[in-house]
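The values are calculated or read from the model by the stated rules, or taken from the named source; none is laboratory data. Note that this is a predicted model, so its numbers are computed, not measured. FYI the Cβ positions are ideal-geometry reconstructions off the backbone, even for glycines, and counts take in every protein chain you see. These accessible areas exclude ligands, DNA and RNA; they are computed on the full protein's heavy atoms, side chains included. Shrake-Rupley method; radii C 1.70, N 1.55, O 1.52, S 1.80 Å.
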Amino acid sequence: MSKANCSYFKFFSTGENARIFQRTTKKELNITAAVISLLSITLMVMGSLCITMALSKGVEFLLKPASCFFMISGIMVLISLEVFRRSVRRLIESDQSVPLEYEYSWSVACAVAAGAVLIFGGGCFLLLALPALPKKPWQCCARSTATSSA
């Protein structure tokens with residue numbers, strides 16, 4: 001029967017023959033990801049305030065800034081995830097003596113989905129903010145050419 005290697009889990013091993021390694025992340029990348037996330041949350045709040053004002057007070061011109069806030073916020077969420085991914089890769093590659101395999105958890109997929117929903121929602125609000133098209137657009141074009149030639 002082979003003996004299991006539990007040297008990574010110090011609690012389950014006696015500590016003899018344990019191979020301890022230390023890895024630290026880059027502090028700058030963590031701070032950058034946190035700042036981008038906070039800015040993204042701020043933009044989400046500003047977009048929500050614009051939507052609330054547009055729905056409650058009937059101020060429809062706030063739909064355009066709200067859509068921009070949501071789209072920029074979604075892009076910032078995706079940028080924050082990329083910074084996080086690079087931080088993890090740099091952490092893994094910092095010590096070549098102990099090869100590690102890793103995979104991202106379901107929370108990363110949820111964050112990607114949140115960024116995509118923000119971008120999609122911002123696009124939908126932008127479409128809502130556009131002026132209505134006339135029922136017969138060719139008449140509008142024909143009318144503008146008739147008035148300019150007269």
Plugging the Cβ-Cβ distance of residue 61 and residue 112 into 1/(1 + (r/R0)^6) at R0 = 22 Å yields, to the nearest 0.05, a FRET efficiency of 0.10
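Give me the percent of accessible area attributable to carbon and sulfur for segment 23-81, probe 1.4 angstrom.
75
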How large is log10 I(q)/I(0) at q = 0.17, 0.25, 0.26 Å⁻¹ when the Debye formula is applied to the Cα atoms of segment 40-92, each weighted equally and without solvent? -0.55, -0.83, -0.87
So if we plug the beta-carbon distance of residue 52 and residue 103 into 1/(1 + (r/R0)^6) with R0 = 41 Å, what FRET efficiency do we get, rounded to 0.05? 0.55
Net charge over other residues, Cβ less than 12 angstrom from the Cβ of residue 128 (K, R count +1; D, E count -1): 0
Please compute the length gained on full extension between residue 136 and residue 124, using 0.36 nm multiplied by the number of residues separating them and subtracting their Cα-Cα distance. 2.0 nm
